[in-house]
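The values are calculated or read from the model by the stated rules, or taken from the named source; none is laboratory data. Not measured: the values here are computed from a predicted model. Positions of Cβ are backbone-derived with ideal geometry, glycine not excepted, and every protein chain shown enters the neighbour counts.
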Amino acid sequence: MARRTNGGPSQTEIDMTPMIDVTFQLITFFVFTLNFSEAVTDDRIQLPMSQLAKPADGPPADPITLQVMTDGRVIYAGEPVALAEIGGYLENEKRVMVAAGKEPNAATMIIRADGRSRTGDVQELIKACQEKGFEKFVLRAQYDESK
């Protein structure tokens, strides 16, 4: 509101309270609507359809997400890695878990394979995980409602 005092220049005072209030409401809205489970998905992977697919009962313990591409490479931490080289990355995951006082078999390996990828690539990835001591696996697929 502009005020004029004794014929001098006008002063403008802006009440910032509504602006700050709206800012905090927007921050709160985005925090509540952000879906962290989508952070591990990758658009390069098209999951196969399955009538047996069902939603998970709850979040897996210590999840490690590996995504198999059609060319056989594995997306690990957002970067494509050759299947033959994934063992080194799994060894690092194992070291981190042991340093945190957890056993590798406590981790859940989430495998998201493209529907057009070779089954043998998925089997090799599971074998590489088992060689490093990882024993729990979750295979992802999309639920097919058409049948």
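Kindly list the number of the only condition in (1) touching a residue at least 24 places away in the same chain (Cβ under 8 Å); (2) not in a loop (DSSP other than H, G, I, E, B) that fails for Thr70. All conditions pass for Thr70, except number (2).
Taken together, the residues in segment 95-107 that are assigned to a helix (DSSP H, G or I) and more than 17 Å from Pro60 (Cα to Cα) amount to 4.
Pairs linking a residue in segment 108-130 that is farther than 21 Å from Asp62 by Cβ to a residue that is of a type in the set (Ser, Thr, Tyr), with Cβ atoms under 8 Å and 6 or more positions apart or on different chains, are Asp114/Thr70; Arg116/Thr70; Ser117/Thr70. Restricting attention to segment 77-92, the residues that are modelled with pLDDT of 90 or more and within 15 Å of Ala107 (Cβ to Cβ) add up to 5.
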